[in-house]
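All remarks here apply to the structure that follows.
The values are calculated or read from the model by the stated rules, or taken from the named source; none is laboratory data. As the structure is a prediction and not an experimental result, all values here were calculated from the model. Neighbour counts run over all protein chains shown; Cβ positions are idealised from the backbone, glycine included.
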Amino acid sequence: MKTEKSKQLFEEAKKYIPGGVNSPVRAFKSVGGDPLFIKKGLGSKFWDVDGNEYIDYIGSWGPHLFGHNPPFIIDALKSAIENGTSFGAPTEIEVEMAKLITELVPSVEMVRMVNSGTEATMSTVRAARGYTGKEKFIKFEGCYHGHADYFLIKAGSGALTLGVPTSPGVTKGNAADTLLADYNDIASIKKLISSNKNEIAAVIIEPIAGNMGVVKVKDKFIKELRAICDEEKIVLIFDEVMTGFRVAAGGAQEILGIKPDLSTYGKIIGGGLPVGAFGGKREIMEKIAPSGPVYQAGTLSGNPLAMAAGYAALKYIKNNPGIYNELEEKSAFLENGFNENLKAVGKNYAMNRVGSMMCMFFTENLVDDFKSAVKSDTSLYGKYFHEMLNRGIYLAPAQFEALFVSTAHSKEDLDKTIRAHKESLERM
Ligand SMILES: *Cc1c(COP(=O)(O)O)cnc(C)c1O
């Protein structure tokens, strides 16, 4: 595989951009080697600047539910751009977008658009604090909620793979109000609540975790968590930045049958443009400025191009409910193929999947929380990643990330991927 142009660009990039990338996990640090610079994408595939073709299973880290450049999103963008790129005044499509979100997600009665998942999660914690008058909140070890200071404490995703689960630059003061619980462990929640009586504003959780690899939440755990939050008047926040519109039109909360008080969105909701959103109970959302005192704002929030792309994506989802069965079938096919291969090579690696989010952990233990996830052999993952890459399969360059299947992945793509998986395992 020729990668000279990528190498050259990376050398140049490192002179001007920290680590040569604008988001850390892109840099291949945890798998070794240099990142590839991508030139264009179409459907299930993308091409790097040296002309190599890959079947893409990152989908821009989640947004591309329909693969790259689906015509209905590109058309929506083309017609929106004719009218201008930003006004800083309300537009009709923001109303349509908000209506559509509340239709698809019943727990969301009102919604505010922002520009990233990070902004969405930050804003929900502020809203919960403003609403309850309490200051502390609980997050779970291994869950990632973006890069706001008080979330970067035992966070997942890039923070986890780079070995900086708690980042320098986060003050003690900031960390003091973040309480840490264990995923799928209700006892850890009860303990924190009893030792911080009437001080906890919110619990934020990835209702299906995707940033310590994919870890399913247990039904009993999430039901108990909902009940405890009701009893203690704690705002339950589902961070659906990854799972929203990915695992079902109504997100993880639809699958789990649990209504959170607030939810956060990003990734798919922007149709590939930088968008986030948060919403939930009217009573809480009305505390947000200008209807209430909790300040939250954004120069480009509800941007017309971002709304055009996001609205096209959500409208497609609404009009084509069958895509979730299609995604389930494709993803199950891939998972079965992987499991057959594992059997053939005598390995029993943990394979976790919820719909089109999947993760193969390089550990033979059951993975159901952070501690079991980090038992994975990340150096083996690095080898596997490069074996797959050499066979034209682009996976996340880090163990603790999800593999995303899109509607654009064809049977042929999946067959090729399963063959590459088998050869890769045999070579390791
Ligand atoms: C990606 C992600 C975020 C952060 O979103 P950005 O748009 O990268 O700021 C937050 N929470 C979860 C669950 C995510 O997967």
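Just a few scattered comments:
- Any hit, segment 89-106, residues being within 16 Å of the ligand (Cβ to nearest atom) and either under 29 Å from Ile58 (Cβ atoms) or more than 21 Å from the chain's Cα centre (by Cα) (or both): yes
- Matching entry among Val235, Val241 (being farther than 16 Å from Val114 by Cβ and assigned by TED's automatic domain parsing to the domain that holds Leu77): Val235
- Some residue of segment 265-278 being in contact with a Gly (Cβ under 8 Å, 6 or more places away or on another chain), surrounded by 24 or more Cβ atoms within 10 Å (Cβ to Cβ) and farther than 24 Å from Ala312 by Cβ: no
- Sub-6 Å Cβ pairs linking a first residue in segment 181-209 that is without any contact (Cβ under 8 Å) to a residue 24 or more places away in the chain to a second residue that is part of a loop (DSSP other than H, G, I, E, B), at least 6 apart or interchain, are Ser188/Asp182, ordered by first then second residue.
- Some residue of segment 385-395 being farther than 19 Å from Tyr183 by Cβ, among the β-branched types (Val, Ile, Thr) and out of contact with any Gly (no Cβ under 8 Å at 6 or more places or on another chain): yes
- Screening Val217 against (1) within 16 Å of the ligand (Cβ to nearest atom); (2) under 18 Å from Gly276 (Cα atoms); (3) out of contact with any His (no Cβ under 7 Å at 6 or more places or on another chain) leaves a single unmet condition, (2).
- When residues of segment 211-242 are limited to those that are in contact with a Cys (Cβ under 8 Å, 6 or more places away or on another chain) and part of a loop (DSSP other than H, G, I, E, B), the one surrounded by the fewest Cβ atoms within 10 Å (Cβ to Cβ): Asn211
- Within segment 238-259, being under 18 Å from Val215 (Cβ atoms) and within 13 Å of the ligand (Cβ to nearest atom) holds for Phe238, Asp239, Glu240, Val241, Met242, Thr243, Gly244, Arg246, Val247, Gly251, Ala252.
- Residue in segment 400-415 that is surrounded by fewer than 20 Cβ atoms within 10 Å (Cβ to Cβ) and either assigned to a loop (DSSP other than H, G, I, E, B) or of a type in the set (Ser, Thr, Tyr) (or both) present: yes
- Among (1) within 16 Å of the ligand (Cβ to nearest atom); (2) assigned by TED's automatic domain parsing to the domain that holds Phe404; (3) in contact with a Gly (Cβ under 7 Å, 6 or more places away or on another chain), the one test that Met113 misses: (2)
- Residue in segment 148-158 that is closer than 23 Å to Ala289 by Cβ, within 11 Å of the ligand (Cβ to nearest atom) and either in a loop (DSSP other than H, G, I, E, B) or at pLDDT 95 or above (or both) present: yes
- Scanning segment 132-147 for any residue that is more than 16 Å from the ligand (Cβ to nearest atom) and assigned to a helix (DSSP H, G or I) turns up at least one such residue.
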